[in-house]
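Where a number appears in this text, it was derived from the coordinates with a stated rule and is not lab data. Keep in mind that what you see is a predicted model, and the values were worked out from it rather than measured. Positions of Cβ are generated from backbone atoms using ideal geometry, with glycine treated the same way; all protein chains shown enter the neighbour counts.
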Amino acid sequence: MIDTIYIEDEVRNHPRTRSILERYKGADIVSCERYTEIFNRRSQNFRIQKKNPALIIARKHGAKVLPTPEGYGVGGKNNFYFSHMLNCLYDCRYCFLQGMYRSANYVWFVNYEDFGDEILKAVKQNQGSGEDSYFFSGYDCDSLAMEDLTGFVDWAIPFFSQVQGAYLELRTKSVNLKALKKHAPMEHCIVAFSLTPDAVAKKVEHGAPKVESRIKAMSQLIELGWKVGIRFDPLIQHPNFEASYEGLFRDVFGALPADRIHSVSFGPMRFPKTMYDRILKLYPKEKMLHAPMENYDGMISYGREKEVAIINHCQKALGEHIDTTKFFRCMPGEMP
Amino acid sequence: MAECGAIYWVVALSAEAKCIVKYFGLKRTQGRLPFPLYQDSDGSNQLVVSGAGRMAAAAATAYLAGRNTDSDTAGWINLGIAGHKDFELGHLVRANRVSATNEKRSWYPVLPFKSSIQGYSALTVDLPTKGYPTEAVVEMEAYGFLGVTTLVAGVELGHCLKVISDNESHHWEELDRFKIEELMAKSWDEVVSFSEKIREISREEKSLVVENPRLKEMSSRFRLSVTQKNRLRHVLTRVDVLVLEGLSFPESLLDEASNGKDLLRKLEAWADEAFSMSDML
């Protein structure tokens, strides 16, 4: 439950702001000129703020749609991401957001229509290539977790339905399907769920729905006709890693028809060194972060050899369940 | 130094300090000090009386911060009186935005827990005024106080609590020491409850930054460069995580190591192996 809401003066009377204020009448309302006065300044502690995050309602200025980092995609050549929100309801200890932002408050950009304009521009620019454009919405937040508050899906589905040559990926761990169920399944929308083995999820995905519930939610969406993606990302090393992931794959593909899965992607756990140091400083007693790691070119990972072994094993195990043409490795640089 | 969380209080007037001094049993620190200073036996509550005005508040806050090595993990509370157009006398508010005349920047203290104390904007002015803005309480110290605590302890640990002492019907000229003490006492229970929540955060923060005592021991036994010392600090944190899981500290490595470099290599190898054999989660 949000009890503090910061509002940029510029969006104080925006219809989406007004609708939230109607719902959170008891909240402490604080006005500000720009959200950057509150969000991500120096002298902020992500871990302390995560105890009781506030909502910051803002207008996104500047570039709203950006090319994805290298290696990020599910088959398309033109890949972009956009963030209607910064930060996430859940508290996963491997998440890069905790190292990227100093603040854990949720920033919500209400000017969806401006995002829409930039998405149209990007689609237009790439039309000549004859390739579809992919737009990933769950990069800096969970696409669905705060849907009751943001109404993002309610805007995005009708919007993308009208755009030729554009795919939308909603990346989530949420099982809140209410908003999706209100709409007819959209051909060019992938609802992608992030999954880790249950033992991992229980230890490090604080506040996220159970893996079992996520699989059920995927199953429901498939029945309704939605395209579903699976993201085994990041792959977390632990004892009996092989058996643990094989078990997860069996659970997933035992419940979901492989031919109805749009794509499966996987990638190793990696952090830029400065980000890793920051996360470790926030959570010095977090065991997962103390696993043997290597620093290679400023990137902290399990090490090249282990990464290759992990990825190769997963790829092989997944191949027993699903067509390998649906595999995508989310990994920058050369592939093992 | 307090093992539990600490609260450092900054007030402008001695009348504002009375409840704090009495409740926590603070004693005045003797000697030639730039500001009157009070503390309890273990230093977990310390109070400085700054005098009126934002410069005085900033100076006193910085002074108190400089006297303590745990200022970055302490909770900081500026308790004082404030005016408002029509709030009832004795009403307590918590500043959620603090601005000041002639300043562009505002401070936004971040509350890491739910509180029943009303959040409200505060405007720090340089002179007492009878002109009350409609959407802020008016006071004289918060801006200076937060300017220092934000730098020292971050935006989550510094907070301003203000008791309404004057309004359009009761002007500040009517105030005296006794009235201020009476007003402060009205809200004291809420202030204590708030301060204990901040203290809990302070305690948690303190527990995360405690230097491993083995670091000192090993640094004196082996010659280590600054980089090696940082590596040692890191590996000791890893070892501590394993010790928390029930493993015994590998004491024998200390005797086996021929020098600092060798000690680091052995400790890191031990930690890597121990982690690989644990659940790693």
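Quick look at the numbers
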| quantity | calculated |
| --- | --- |
| Filtered trypsin sites (Lys or Arg not before Pro), region B:21-130: DSSP coil and at most 12 other beta carbons within 10 Å | B:Arg32, B:Lys104, B:Arg105, B:Lys114, B:Lys130 |
| HN-Hα J in Hz across region B:13-30 - Karplus 6.51, -1.76, 1.60, θ = phi - 60°, x for Gly and Pro | 10, 5, 5, 6, 8, 3, 4, 5, 4, 5, 5, 8, x, 7, 10, 6, 7, 7 |
| Pairwise centroid distance, computed over Cα atoms, of region A:267-295 with region A:143-165, Å | 33 Å |
| Over chain B: helical MRE at 222 nm, DSSP H runs n ≥ 4 each giving -39500 (n - 2.57), nearest 500 | -13500 deg cm²/dmol |
| Evaluated at q = 0.09, 0.12, 0.13, 0.14 Å⁻¹: base-10 log I(q)/I(0), Debye formula over Cα of chain B | -0.53, -0.76, -0.84, -0.92 |
| 5 angstrom amide H check on A:Cys330, placed H, neighbours 5+ away | A:Phe266, A:Gly267 |
| Residue of B:Thr237, B:Thr124, B:Thr61 that the Gaussian network model of chain B assigns the largest fluctuation, springs spanning Cα pairs under 10 Å | B:Thr237 |
| Karplus 3J(HN,Hα) series, Hz, for region B:129-137 with 6.51 cos²θ - 1.76 cosθ + 1.60 (x for Gly, Pro) | 9, 9, x, 9, x, 7, 10, 7, 8 |
| Sorted peptide list for A:287-298, B:172-183, criterion being average Cβ within 10 angstrom, highest first | A:287-298, B:172-183 |
| Inter-chain shielding of B:237-244 (mean C-beta neighbours from other protein chains, 10 Å cut-off) | 3 |
| Average beta-carbon neighbours from other chains, 10 Å sphere, peptide A:286-294 | 6 |
| Residue-span extension gain [A:Glu294 to A:Asp323] - 0.36 nm each, minus C-alpha spacing | 7.2 nm |
| Compactness of region B:176-239 as Cα Rg over 2.2 N^0.38 Å, two decimals | 2.07 |
| Residues with amide H under 5 Å from that of A:Arg231, placed H, sequence gap 5 or more | A:Phe193, A:Ser194, A:Leu195, A:Ser265 |
| Cysteines, chain A, no other Cys beta-carbon under 4.7 Å | A:Cys32, A:Cys88, A:Cys141, A:Cys189, A:Cys314, A:Cys330 |
| Sequence-distant residues sharing a close amide H with A:Tyr6 (under 5 Å, placed H) | A:Val30, A:Leu55, A:Ile56, A:Ile57 |
| Cut-off 13 Å between beta-carbons: net charge of the residues surrounding A:Asp9, Lys and Arg +1, Asp and Glu -1 | -1 |
| Computed lengthening from A:Gln162 to A:Arg260, 0.36 nm per intervening residue step minus Cα-Cα distance | 32.9 nm |
| Cα centre as origin, Lys/Arg/Asp/Glu Cβ charges: the protein assembly as shown dipole, Debye | 600 debye |
| Set of aspartates and glutamates near A:Lys316 by C-alpha distance (under 17 Å), chain-local residues within fewer than 8 positions excluded | A:Asp233, A:Glu242, A:Glu246, A:Asp251, A:Glu305, A:Glu307 |
| Per-pair calculated FRET efficiency, R0 = 51 Å: A:Met1 and A:Lys121 via Cβ, rounded to 0.05 | 0.85 |
| Cβ neighbours within 10 Å from other chains - mean over A:35-44 | 3 |
